[in-house]
1. Could you check how many residues of the range 75-107 are assigned to a strand (DSSP E or B), of a type in the set (A, V, I, L, M) and out of contact with any helix residue (DSSP H, G or I) (no Cβ under 6 Å at 6 or more places or on another chain)?
2. Are any residues in the range 46-69 of a type in the set (Lys, Arg) and surrounded by 13 or more Cβ atoms within 10 Å (Cβ to Cβ), and if so, which ones?
3. Looking at (1) loosely packed, with under 13 Cβ neighbours inside 10 Å; (2) assigned to a strand (DSSP E or B), which is the only condition LYS28 fails?
4. What do you reckon, is ASN78 open to solvent by 60 Å² or more (accessible area, probe 1.4 Å), closer than 16 Å to VAL56 by Cβ and free of Cβ contacts under 8 Å to residues at least 12 places away in the same chain?
5. If you check every pair at least six apart or on different chains, which have Cβ atoms under 9 Å apart with a residue in the range 36-61 that is within 14 Å of VAL108 (Cβ to Cβ) first and a residue that is in a strand (DSSP E or B) and modelled with pLDDT under 90 second?
6. Could you list, in sequence order, all residues of the range 81-120 that are among the aliphatic types (A, V, I, L, M) and surrounded by 17 or more Cβ atoms within 10 Å (Cβ to Cβ)?
7. Kindly evaluate LEU123 against the criterion of being more than 11 Å from the chain's Cα centre (by Cα), assigned to a helix (DSSP H, G or I) and crowded, with 16+ Cβ neighbours inside 10 Å.
8. Among the residues of the range 44-71, write down those that are among the basic types (Lys, Arg) and either touching a strand residue (DSSP E or B) at 6+ places or on another chain (Cβ under 9 Å) or modelled with pLDDT of 95 or more (or both).
Amino acid sequence: SEFKNAKKIIVPSDSAKKSMIDLGIEEKKINILNYAVDNNFFKPKKIKKFDKFSIVFCGSLSPRKGAHNLIESFKVANISGSQLIFLGAKSRSKDYDQYLKKISTKNVKFYGSISQSNLSNILSKCHLFVLPSLADGFGLVVLQAISSGLPVIVSSNVGAADIIRQFGGGEIFQYNDVNELTEKIINFYKIKNTSYYNLDLKNVINNNTWDNYGNRLYNFINKI
């Protein structure tokens, strides 16, 4: 009811906008304002990478985040000397937690929640970030990973795919498509070349700070 009565609605991404339209909200009401990143914490660091080829996921371990799909893709990719690192709180569902452990191999590591400062260090030590969400209005950690200089692969239902479309830095696969995700992981491993992702890191950082977000929000409100 609030959405239908509102004159203007702000959402963080194109995928969030589409979900609103699917609910019957008038498109002309909906305005996209992408979220931002704290570049005091998240920026490229000269730090030694893990010896193993390391893929990292950060987020709550819930079915919505697609953690199970990432584990399956990692197993099918079967990259020698690799590891898959999960950072984030356990699922509220004990059954789902047990399922993730059941389908995991010894090279899948679960580290739980960590601080923002430590997250930046771990991201910088990994080789590839993946967020395979089935539904995700934005996904701040995608922008945090890109700002740390880490290539990313995200699903088409991750709102932060907007950043990739605009600035580069990664690839987008069809959500819930384990085969396509596996293919993109293998392709990245074969290339191991971040320039392939056409990452305009300077523009990412300059255009996606919280100060910049505040200015965009201020300008939007002033135009109403």
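The values are calculated or read from the model by the stated rules, or taken from the named source; none is laboratory data. Worth saying up front: this structure is predicted, and the values here are computed from it rather than measured. A quick note on method: Cβ atoms are made from the backbone with ideal geometry, for glycine too, and the neighbour counts reach across all protein chains shown. Note: areas computed on protein heavy atoms with side chains; ligands, DNA, RNA excluded. Shrake-Rupley method; radii C 1.70, N 1.55, O 1.52, S 1.80 Å.
1. 2
2. LYS52, ARG64, LYS65
3. Failed condition: (2).
4. Answer is no for this residue.
5. Sorted first by the residue in the range 36-61, then by its partner, the list stays empty.
6. LEU84, ILE85, LEU87, LEU100, VAL108, LEU119, listed by residue number.
7. yes
8. LYS52, ARG64, LYS65
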